[in-house]
Amino acid sequence: MKGQKIVSPTPLTEKEKAALVREIYGAAETQKPEPIRTVQRPELVWPEQKPEPIRTVPKPEPIRAVPRPEPVRTVPRPEPIRTELKPAEPAHTGRIGKWIAAGASAAAVCAAIGIILALRGHSGGENSSVIAAQSSSIAEISTDETSALSAGSEMAQYLQDALLRMDENSTAQKYANCIAAGCNHTVGLRTDGTVVAIGENDDGQCNVSGWSGIVAVSGGYHTVGLKADGTVVAVGDNEFGECDVSDWTDIVAVSAGTFYTVGLKADGTVVAVGSGSYESGKSDVSDWTNIVAIAAGDSHTIGIRADGTAVATGENDDGQCNVSGWTDIVAVAAGEYHTVGLKSDGTVVTTGKNDYGQCNVSGWTDIVAVSAGTFHTVGLKADGTVVAVGSGSYESGTCDVSDWTDIVAVSAGDWHTVGLKADGTVVATGSNADGERNVSDWTNIGPRQ
């Protein structure tokens with residue numbers, strides 16, 4: 001206040017300061033701290049889970065009993081009505097059919113056909129005895145019955161006429177077995193009964209220089225020759241016994257397939273040796289009868305019966321054996337996977353694999369001879385020209401035959417085609433890998449004189 005005297009506090013002495021500090025800080029130092037209290041973790045209490053509600057399964061519907069059906073009453077099957085079937089009239093056509101219709105026995109017909117085949121294949125020489133023997137067998141068989149005798153007489157007359165008559169078809173048959181195209185070689189029959197061959201010879205299939213008295217030839221990977229006395233010779237690959245023909249007798253035709261050989265006997269039965277890279281049943285011909293012609297292919301065999309129908313055995317994966325409906329067949333040829341049939345009217349039928357068009361022969365007419373190669377088909381026309389369809393696994397010219405003329409026989413091999421001309425020379429087209437086409441210098445090829 002105004003006029004009042006301010007009295008300053010008396011300053012503390014050092015001793016008093018020290019006492020004051022001890023009083024303040026000393027007490028703090030000596031104060032015992034509160035102990036740390038440990039807080040215990042409370043027990044974890046899991047909430048009580050609510051139980052799943054019990055699901056009640058619905059009570060199944062009661063099984064309703066199905067009433068047992070009434071037993072089926074079996075109606076007794078009526079007795080079949082037996083109809084008396086009138087036997088069909090035999091559809092025998094042609095000269096051979098007339099013989100059969102007239103009552104000639106199968107043996108007589110086959111013997112006559114054997115003579116016809118012999119006459120068409122060759123004439124004169126040792127063959128005369130074959131013809132005489134078979135003619136005698138016809139006479140003996142035909143005396144059993146009057147009708148058979150009549151048929152036999154007619155057959156004998158026909159055989160005499162056959163010596164004087166030679167039309168286009170019989171000319172083709174006469175020359176048919178004089179030339180043969182094998183797998184990679186070519187075989188030719190000379191008019192003196194000897195044989196020539198050219199082409200692949202790895203297995204000796206061309207070793208025919210010593211052959212004589214031959215009347216027909218055929219070639220596969222091996223070569224087969226039919227002798228005038230009805231025996232057979234063979235050379236070449238014999239891995240499967242395809243050349244084991246030394247005991248064959250009374251043979252009138254031969255055909256060489258792939259690794260097997262087929263022979264037609266004078267009595268119309270067939271024999272075969274060899275097999276193949278696998279057994280396909282192509283040699284199963286022991287039960288064939290009344291056969292007049294044969295053809296061996298790669299894995300199947302074809303035969304013509306006396307009535308003009310065809311029979312086949314062997315592999316049929318491509319339908320090459322589907323010949324049961326063929327009729328009026330006069331010649332057959334077997335390729336690798338296809339079959340060719342020549343009909344009496346000069347048209348041609350085929351069955352089997354057609355991947356290269358080898359079966360496209362529906363337009364062919366006036367054909368007198370056929371031959372089947374691996375993938376091609378060749379036909380000889382009555383005017384001496386040649387037609388061909390198909391090709392091969394490569395284009396080798398196997399079908400280049402459009403300019404051929406004066407041809408009397410044809411043969412189709414694996415990859416080449418050969419033709420025999422009327423003057424006894426030979427032409428060829430197709431592959432020449434092994435010299436199988438080197439036939440330009442061949443002469444006097446033809447039926448044995």
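The values are calculated or read from the model by the stated rules, or taken from the named source; none is laboratory data. Everything quoted here is computed from the prediction, not taken from an experiment. With ideal geometry, Cβ positions are generated from the backbone for all residues, glycine too; neighbour counts draw on all protein chains shown.
Brief remarks on what is shown
- Answer from VAL235, VAL273, VAL252, VAL262 - the residue that is of a type in the set (Val, Ile, Thr) and closer than 22 Å to THR350 by Cα: VAL262
- Only residues that are assigned to a loop (DSSP other than H, G, I, E, B), touching a residue at least 40 places away in the same chain (Cβ under 8 Å) and on the phi < 0 side of the Ramachandran plot were counted in the range 234-282, giving 4.
- Note on the range 352-399: residues that are among the β-branched types (Val, Ile, Thr) and under 21 Å from the mean Cα position of the chain (by Cα) total 7.
- Enumeration of residues in the range 333-347 that are outside any loop (DSSP other than H, G, I, E, B) and surrounded by fewer than 22 Cβ atoms within 10 Å (Cβ to Cβ): LYS343
- Residue in the range 386-400 that is touching a residue at least 12 places away in the same chain (Cβ under 8 Å), within 15 Å of ALA176 (Cα to Cα) and not small (Gly, Ala, Ser) present: yes
- Number of the condition not met by VAL330 [criteria: (1) at pLDDT below 95; (2) in a loop (DSSP other than H, G, I, E, B)]: (2)
- For the residues THR301, THR313, the requirement of being outside any loop (DSSP other than H, G, I, E, B) and buried (at least 24 other Cβ atoms within 10 Å of the Cβ) singles out THR301.
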